[in-house]
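Report on the following structure.
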Amino acid sequence: MKARKFNWPIWSGFLLTLIAFLSYPFVFVWFPVTRDFPWANLLLFALAIALWVVGVRRAFALDRGHQAGPLGVVDRPRPRRSKITASILATLSIAVFGFFIFSTFILARRLPASHSAPQISQKAPDFTLSDTKGKPISLSELLAPVNGNAPKGVLLVFYRGYW
């Protein structure tokens with residue numbers, strides 16, 4: 001009985017595709033450096049694409065040295081099951097990658113504009129939020145004079161999609 005070679009590149013490429021897809025909403029969205037532009041996910045997808053290519057080439061390559069004929073070693077095509085599995089996994093991986101690109105770069109641009117948000121250098125309305133210790137603090141408290149000195153201002157930073 002002949003041992004079959006396991007096509008690990010196509011399976012690991014598919015697994016890496018799923019990790020790259022799921023890591024953005026569950027891990028990388030929490031960090032501004034990877035939330036604003038998903039470079040880490042695109043790097044994972046690039047590695048997955050390299051593995052897909054190797055796995056598909058391996059599935060469709062000829063096996064060498066399995067049959068010995070009167071003229072020496074004869075090449076034999078791989079089993080059909082290997083080709084079908086590689087094709088299905090590569091197609092699913094490409095679909096996942098396409099959905100990631102579509103949802104991240106195209107659908108994100110279709111988010112409605114916030115017309116009532118304050119513009120740059122416009123005075124913000126008074127609001128109250130919790131500080132890092134959970135104590136409520138308002139904008140008017142931050143702009144109040146401290147020890148007779150007028151405050152220099154308050155910088156507000158809004159992160160897109162961070163809600």
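The values are calculated or read from the model by the stated rules, or taken from the named source; none is laboratory data. Being a predicted model, the structure only gives us computed values, none of them experimental. Virtual Cβ from ideal backbone geometry, glycine too; neighbours counted across all protein chains shown.
Screening region 1-43 for residues that are out of contact with any helix residue (DSSP H, G or I) (no Cβ under 9 Å at 6 or more places or on another chain) and within 27 Å of Ile84 (Cα to Cα) and picking the one that is surrounded by the most Cβ atoms within 10 Å (Cβ to Cβ) gives Leu22.
I'd like the full set of residues that are among the polar types (S, T, N, Q), in a helix (DSSP H, G or I) and either closer than 30 Å to Tyr24 by Cβ or touching a strand residue (DSSP E or B) at 6+ places or on another chain (Cβ under 7 Å) (or both), limited to region 99-144. Outline the logic, then answer.
Initial filter on region 99-144 (among the polar types (S, T, N, Q)): 103-104, 114, 116, 119, 121-122, 128, 130, 132, 138, 140.
Subset that is in a helix (DSSP H, G or I): 103-104, 140.
Those that are among the polar types (S, T, N, Q), in a helix (DSSP H, G or I) and either closer than 30 Å to Tyr24 by Cβ or touching a strand residue (DSSP E or B) at 6+ places or on another chain (Cβ under 7 Å) (or both): Ser103, Thr104.
Scanning region 81-93 for residues that are touching a residue at least 40 places away in the same chain (Cβ under 8 Å) and either more than 19 Å from Leu44 (Cα to Cα) or exposed (fewer than 15 other Cβ atoms within 10 Å of the Cβ) (or both) gives Ser82, Thr85, Ala86, Leu92.
Return the residue satisfying two criteria in turn: it lies in region 24-82 and is under 14 Å from Asn7 (Cβ atoms) and among the basic types (Lys, Arg), and of such residues it is modelled with the lowest pLDDT. Here the answer is Arg78. Of the residues Ser138, Ser116, the single one that is touching an Asp or Glu at 6+ places or on another chain (Cβ under 9 Å) and of a type in the set (Gly, Ala, Ser) is Ser138.
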